[in-house]
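> Below is the structure I would like to discuss, written out as structure tokens.
Every number in this text was worked out from the coordinates using simple rules, so none of it is lab data. Only a predicted model underlies this, so the values are computations on that prediction, with no experimental measurement involved. A quick note on method: Cβ atoms are made from the backbone with ideal geometry, for glycine too, and the neighbour counts reach across all protein chains shown.
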Amino acid sequence: MMENNAGSDFAVPLPYGAILRNGGVQFAVFSRHATAMRVLLYDRVDDPEPSRVIAFDGDLNRWGDVWSVFVPGIRTGQLYHFQADGPFDPARGHRFDANARLIDPYAKALAGEFLPSSDRRVRPPRCVVVDDRFDWRGDRHLRRGLDETIIYEMHVRGFTQSASSKVNPGGGFLSVIDKIPYLQSMGITAVELMPVAEFSTLDRFGRKPHCSNYWGYDPLCFFAPHRGYAINREPGAQVREFKEMVRELHKAGIEVFLDVVFNHTAEGNENGPVLSFKGLENRVYYMLENGGSRYRNFSGCGNTVNGNHPIVRELIFHCLRYWVHNFHIDGFRFDLASILSRGRNGDLIPNPPVVESIAEDPLLADTKIIAEAWDAAGAYQVGTFAHLLSTEFVSLRWAEWNGQYRDDVRRFWRGDGNTRGRLATRLSGSSDLYQPSGRRPYHSINFIASHDGFTLNDLVSYNRKRNEANGEENRDGEENNYSFNCGIEGPSRRVAIETVRLRQIKNMLATLFLSQGVPMLLMGDECRRTQGGNNNAYCQDNDVSWFNWTLVKKHEGLWRFCRELIRFRREEPTVRQTAFLRGLPHRQGFLPDVSWYGDSGAPVNWNIDDEGIICVLTALPRSDLSKRPNQNTMMLFHKGADRREFCIPTEARHIEWRLFVDTAAESPRDIFPPGDGPLLQNECRILQGRSMVVYTARDKA
């Protein structure tokens with residue numbers, strides 16, 4: 001039954017969404033071309049039809065392009081949709097459907113799933129009126145410096161869903177709390193959560209698809225935490241449980257970063273459903289072409305969010321503010337961030353307003369902002385994201401996932417030619433990418449493996465991807481993995497093969513944590529988590545993707561190796577410097593801050609391709625607050641397959657070096673507490689094939 005709007009005298013046009021007010025709820029939504037607007041109210045999650053329909057009065061409840069109505073007598077937990085009349089004219093970009101139930105773009109929670117419909121129209125999850133009040137118990141943002149950060153990329157469900165986690169129930173926000181001691185023992189300072197904003201695990205007709213949307217890169221609503229990660233099934237419970245998780249992580253000294261997807265939505269292209277934006281103002285929210293009849297697809301997912309339209313730009317930074325203020329989020333990683341650099345016609349523009357707005361927003365001033373500086377249509381801005389903006393401050397705010405670091409480290413340890421110089425550049429903080437724009441080493445987020453691609457174990461076990469289980473005949477996923485299977489494709493029981501694989505994993509972990517910049521570790525790489533060669537496990541909500549906790553015990557030596565590397569990094573500022581290395585001494589009469597040598601001990605000749613390289617880092621001077629001297633560090637890299645002699649540079653022979661890391665040694669003699677390892681006795685030493693050795697020495701100045 002249709003009702004006229006109630007309480008129009010109390011209506012105010014903003015803010016957007018469903019806002020609790022005394023005695024009821026204010027609903028506000030943007031639509032420029034709608035001719036009528038309704039709010040549909042439901043009593044229960046599984047009700048196929050609304051119990052009440054409230055019509056907005058076009059004269060009383062519309063301010064410009066904002067429709068707003070106050071409905072008395074409803075409260076927290078109320079379920080609702082919007083519904084809008086307007087032109088259906090795809091040739092001009094209009095796709096209004098008077099019968100479509102629409103998700104509020106500013107909804108703070110969703111409940112239920114897609115419900116089947118006899119007319120095959122979509123009945124999406126219901127929006128929930130949320131009370132944002134929460135007892136934070138004094139929690140505030142940790143404000144840790146980016147240069148002091150150790151990032152752990154993880155999937156909320158996959159982290160504890162396996163029965164091996166011993167968490168019951170597993171797979172949710174609250175389940176993560178049970179594993180905080182593990183993260184602490186590793187020395188992790190920040191978790192980067194794969195998408196937690198609302199997405200659907202069922203298709204638009206309420207059916208379970210052949211391949212589930214496990215990763216969550218198909219958003220339904222940007223403001224709402226995913227209902228599937230809540231233990232309590234009460235509508236809106238996910239908001240409270242997410243906050244509890246963040247509060248406990250902060251209590252343990254661990255920051256929370258979110259992987260956010262502002263580049264596309266679950267509505268897809270012109271053949272996709274009308275779920276939210278399409279039915280409210282399609283021409284504003286999406287980049288269109290062919291006069292508006294088709295969607296530009298820079299995301300590879302069917303549509304592209306029109307991020308630099310003023311209305312959409314406002315939605316994005318309101319959303320970021322909401323996560324920071326209401327959920328105490330410490331940072332964001334922007335998926336396919338180069339799309340945010342595209343203007344309304346899809347061209348890359350030099351001064352993208354949304355990129356500047358995010359960097360300049362005062363409420364986000366303490367927040368880390370990290371760009372995945374490429375998109376699915378060929379844009380690649382690693383090293384240049386945001387640096388063309390007129391304000392230098394904006395450039396200095398943005399860090400980047402460094403895809404070149406990933407590729408160059410992989411290629412070096414695979415044994416590719418002409419990679420010594422590139423390894424040296426990446427190890428030193430990628431000054432070629434970040435110094436020209438005035439940025440620092442910590443603007444480089446270094447990683448070797450991420451959710452998108454091989455795990456570290458699979459990187460040394462497979463030459464080719466094995467994605468058949470995804471149902472796309474192995475056509476999906478990246479072809480250029482720079483992987484090396486060490487002689488046999490897939491799992492092996494041969495001791496010689498497994499010895500090299502473990503050594504290669506340790507080589508790459510040691511390189512990662514001893515590089516200037518910010519290291520990011522993929523969930524489970526510390527204990528050889530495998531996906532069976534699947535390098536695109538976006539739809540594998542099963543043992544392929546879940547963390548198998550028995551691996552921590554099985555590979556306890558590797559887990560210890562990784563943990564000790566992280567401890568060293570956190571204690572030693574010499575390997576996480578805030579300024580680029582210059583090849584000049586910190587103090588008169590000392591070695592330069594960084595020196596490079598060949599395996600003979602002579603200064604390296606970069607014009608000659610060789611298998612070995614030596615890097616000597618001179619310790620940073622001790623600060624007045626430091627209780628002990630910092631470490632001089634000497635790293636020997638050998639990418640070749642055969643044993644090779646390395647000679648210590650003459651300039652470094654007077655230093656009392658002690659062994660810190662030897663990736664060819666068996667645990668526990670593959671890593672020592674700094675200062676406890678054997679003293680270097682000889683001027684030369686033999687390195688096993690494909691190995692890395694690190695020495696340290698306390699600075700006596």
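> Provide the FRET efficiency to the nearest 0.05 for the R685-Q435 pair, computing r from the beta carbons and using R0 = 41 Å.
Efficiency computed from Cβ-Cβ geometry: 0.75.
> Further question: Using a simple spin-label model with points 7 Å from Cα along the Cα→Cβ vector, what separation in nm is obtained for R21 and R75?
1.9 nm
> Placing +1 at every Lys and Arg Cβ and -1 at every Asp and Glu Cβ, with all other atoms neutral, what dipole size does region 656-701 have around its Cα centre, in debye to the nearest 20?
60 debye
> Now, a different point. Please work out the C-alpha center-to-center distance from region 118-185 to region 658-701 and express it in whole Å.
Here the two parts' Cα centres lie 39 Å apart.
> From the square roots a ≥ b ≥ c of the eigenvalues of the alpha-carbon gyration tensor of the chain, which class results: rounded (a/c under 1.5), prolate (a/b over b/c), or oblate?
prolate
> In nanometres, what is the gap between the two model label sites at R622 and D43, each 7 Å from Cα along Cα-to-Cβ?
Calculated label separation equals 7.4 nm.
> Right, here's the next one. Between R294 and residues 5 or more places away or on another chain, which pairs have amide H atoms under 5 Å apart, with H built 1.01 Å from N, and which residues are they?
So R294 has HN proximity to E289.
> Also: Between H586, G601, S667, whose Cα lies farthest towards the positive end of the dipole of region 584-698 when Lys and Arg beta carbons carry +1 and Asp and Glu beta carbons carry -1, centred on the Cα centre?
So the residue we want is H586.
> How would you order 553-566, 678-691, 609-622, 324-337 from highest to lowest mean count of nearby Cβ atoms within 10 Å?
324-337, 609-622, 553-566, 678-691
> Let me ask another. Taking loop as defined by DSSP and a crowding limit of 14 other beta carbons within 10 Å, which trypsin sites (Lys or Arg not before Pro) in region 198-239 fit?
Answer by residue number: R207, R233.
> Oh, and also: For region 20-87, just say rounded, prolate or oblate: build the C-alpha gyration tensor, square-root its eigenvalues into a ≥ b ≥ c, call rounded for a/c under 1.5, and beyond that prolate if a/b exceeds b/c, oblate if not.
Oblate is the answer for region 20-87, as a/c is 1.5 or above yet b/c matches or exceeds a/b.
> What residue among G112, N536, G677 has its Cα farthest toward the positive end of the dipole of the chain, where the charges are +1 on Lys, Arg and -1 on Asp, Glu, each on the Cβ?
Of the listed residues, the answer is G677.
> Calculate the translational D of region 574-701 in whole µm² s⁻¹ from Stokes-Einstein, where the hydrodynamic radius comes from the Kirkwood formula applied to all Cα pairs, the temperature is 4 °C and the viscosity 1.567 mPa s.
Rounded to a whole number, D works out at 85 µm²/s.
> Okay, next question. Quote to one decimal, in nm, the extra length available between A36 and I488 on full extension: 0.36 nm per residue of separation minus the C-alpha distance between them.
156.2 nm
> In sequence order, what are the phi-derived ³J(HN,Hα) couplings for region 209-219 according to the Karplus relation 6.51 cos²θ - 1.76 cosθ + 1.60 with θ = phi - 60°, rounded to whole Hz, with x for glycine and proline?
x, 4, 10, 6, 8, 5, 5, x, 7, 8, x
> Mean residue ellipticity at 222 nm from the helices of the chain, using -39,500 (n - 2.57) per DSSP H segment of n ≥ 4 over the full residue count, to the nearest 500 deg cm²/dmol?
Mean residue ellipticity at 222 nm (helix-derived): -6000 deg cm²/dmol.
> Let's see if you can work this out: charge +1 on each Lys and Arg Cβ, -1 on each Asp and Glu Cβ, no other charges. What is the dipole magnitude of region 584-698 about its Cα centre, in debye to the nearest 20?
440 debye
> Given K166/K251; K179/K208; K179/K243; K166/K554; K465/K639, which pairs have Cα atoms separated by over 26 Å?
K179/K208
> DSSP loop (so not H, G, I, E, B), at most 16 other Cβ within 10 Å: list which trypsin sites (Lys or Arg not before Pro) in region 435-526 pass both filters.
Here the sparse-neighbourhood loop sites are R464, R475, R493, R494.
> Report the gain in length on full extension from K251 to E289: 0.36 nm times residue separation, minus Cα-Cα distance, nm rounded to one decimal.
Using 0.36 nm per residue and subtracting the Cα-Cα distance, I get 8.8 nm.
> Let me ask you something else. Under 1.5 on a/c is rounded, so check that first for region 460-527, then, if it is not, pick prolate when a/b is larger than b/c and oblate when it is not; a ≥ b ≥ c are the square roots of the alpha carbon gyration tensor eigenvalues.
The shape class here is oblate.
> Next question. Mind checking the dipole of the chain: about its Cα centre, +1 per Lys or Arg Cβ, -1 per Asp or Glu Cβ, Debye to the nearest 20?
Dipole size: approximately 1300 debye.
> A further question on this structure: Rounded to the nearest 5, what % of DSSP beta bridges with both residues in the chain are antiparallel?
So the antiparallel bridges in the chain amount to around 70 percent.
> Find which of F277, Y295, T265 sits farthest along the positive direction of the dipole of region 259-305, computed with +1 on the beta-carbon of Lys and Arg, -1 on that of Asp and Glu, about the Cα centre.
Y295
> Sticking with this structure for a sec: Under 14 Å from the Cα of K506, which aspartates and glutamates turn up, not counting those fewer than eight places away in the same chain?
Partners within reach: D458, E498, D525, E526, E556, E564, D662, E666, D670.
> Still on this structure: Could you tell me how far the Cα centroid of region 319-394 sits from the Cα centroid of region 261-315, in Å?
Each part's Cα centre sits 18 Å from the other's.
> Sticking with the crude label model, points 7 Å out along Cα→Cβ, report the distance from R321 to E3 in nm, one decimal please.
3.1 nm
> Oh, and also: Over the chain, what is the mean sequence separation of C-alpha contacts under 8 Å (at least six apart), divided by residue count, expressed as relative contact order in percent?
Once divided by the residue count of the chain, the mean separation gives 10 percent.
> D57 to S117: FRET efficiency via 1/(1 + (r/R0)^6), r the Cβ-Cβ distance, R0 22 Å, to the nearest 0.05?
Efficiency computed from Cβ-Cβ geometry: 0.15.
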